[in-house]
Amino acid sequence: MKSELASKVLSGDTIAAAKLISGIADEVPGAFEEMNRIYPHIGKAYIIGVTGAPGAGKSTLTGNLIGYFRKEHLTIGVIAIDPTSAFTGGALLGDRIRMQKYGEDRDVFIRSLATRGLQGGLAKATIGTIHIMDAMGKDIILVETVGSGQIEIDITRVADTTLFVMTPGAGDAIQMMKAGILEATDIFVINKADKGSADIVKADLQTMLSMRDWPPDEWQPGIILTEAIHDKGTQELAAEIARHREYLNKTGELKKRKQGRLKLELMETVERFVRDSIAGIDHGDYLARLIDGLVKGKTNPQEAARQLVRRLVSDLGQMGNSREHGRKKA
Ligand SMILES: Nc1nc2c(ncn2[C@@H]2O[C@H](COP(=O)(O)OP(=O)(O)O)[C@@H](O)[C@H]2O)c(=O)[nH]1
Ligand SMILES: [Mg+2]
């Protein structure tokens, strides 16, 4: 990975950004060093998660929001996380003409991350991509993901504002309760209002929301009706997003969400670090012997894990000592 990549990303170079995004997704050597030069420049973008069932209209709505924010001269990053592979077939913006329209707009940077084959790398790639777009100076980052449970990263833990898109149809409301979506959603969007019975869904949703005890100053999720294919309701949705953003700002919750994001990233980095370190001490047959002990019932996973971590800490301690030692000598 070329070392000037990060500087190019910081100057807004989309080709460099695309390269770095693939670099972190594929764990290309050097990509994480490049990322280290990105971190001092993050924390300014506003992150909007757009989630919901396939076909609910997330991509069409995302396209509408892009149009709205562009009129306000905001720069946009879009990340589509799709288990199938998002953009082929023009899925994001609904039709090719609109896709082309934004394809030529250098203030709209769109990347898709296919979840197939990415597995454990997905969370890291998503957060990394957010950081890259943030550091490029994008004002708003829209992250489209298929609803809860199907993807590794839970977008509600990453976004500042989470939209849950539903349609007038059976089953949605019940599913919501199960997945804990009610608690995690900031704004509900009932799309395809042209199909009728959106009001019924809204009433159901209101009933469900009213069954919860809301502490007096807590955010109560808004419900917005849209017809995304006709670009109807976009302004109301944007206004609700702005209202939520204001709430987050006023209450200090925005800072907390940013902290939460970094905590998630820290914990994932620790996990990766521990896994890599275990692989590092596994010369000889250390792990094999532990597992053998488990198979023979001489030890249990709790005890074996403790033993492994103790060994890890001791090895890391020695590494640290010899480094200190080396430094003193030099
Ligand atoms: N009738 C109707 N169809 C819509 C509306 N919004 C989106 N669609 C259609 O629903 C389909 C799925 O939309 P898409 O945005 O790709 O959904 P996604 O899978 O959630 O991203 C497409 O054929 C859209 O044209 C709407 O408001 N009304
Ligand atoms: Mg889509």
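The values are calculated or read from the model by the stated rules, or taken from the named source; none is laboratory data. Keep in mind it's a predicted model, so treat the numbers as computed, not measured. Because the Cβ atoms are built from the backbone with ideal geometry, glycine has one as well, and the counts that use them run over all protein chains shown. Only protein heavy atoms, including side chains, enter the accessible area calculation; ligands, DNA and RNA are left aside. Shrake-Rupley method; radii C 1.70, N 1.55, O 1.52, S 1.80 Å.
Could you give me the residue pairs with C-beta distances under 8 Å whose first residue belongs to the range 44-63 and is under 14 Å from Gly233 (Cβ atoms) and more than 9 Å from ligand 2 (Cβ to nearest atom), whose second residue is open to solvent by 10 Å² or more (accessible area, probe 1.4 Å) and part of a loop (DSSP other than H, G, I, E, B) wherever it lies, and which are 6+ apart or on separate chains?
Final answer for the pair search is Gly63/Gly94.
Looking at Pro301 and the list (1) modelled with pLDDT of 85 or more; (2) under 24 Å from the mean Cα position of the chain (by Cα), which single condition is not satisfied?
(2)
Of everything in the range 180-221 that's within 16 Å of ligand 1 (Cβ to nearest atom) and in a loop (DSSP other than H, G, I, E, B), which residue is modelled with the lowest pLDDT? Spell out how you get there, then give the answer.
Our first condition is that a residue be within 16 Å of ligand 1 (Cβ to nearest atom); within the range 180-221, this holds for 181, 185, 187-199, 201-202.
Narrowing further to those that are in a loop (DSSP other than H, G, I, E, B): 185, 191-192, 196-197.
Numbers: Thr185: 90, Asn191: 95, Lys192: 94, Gly196: 82, Ser197: 87.
Filtering first and then ranking leaves Gly196.
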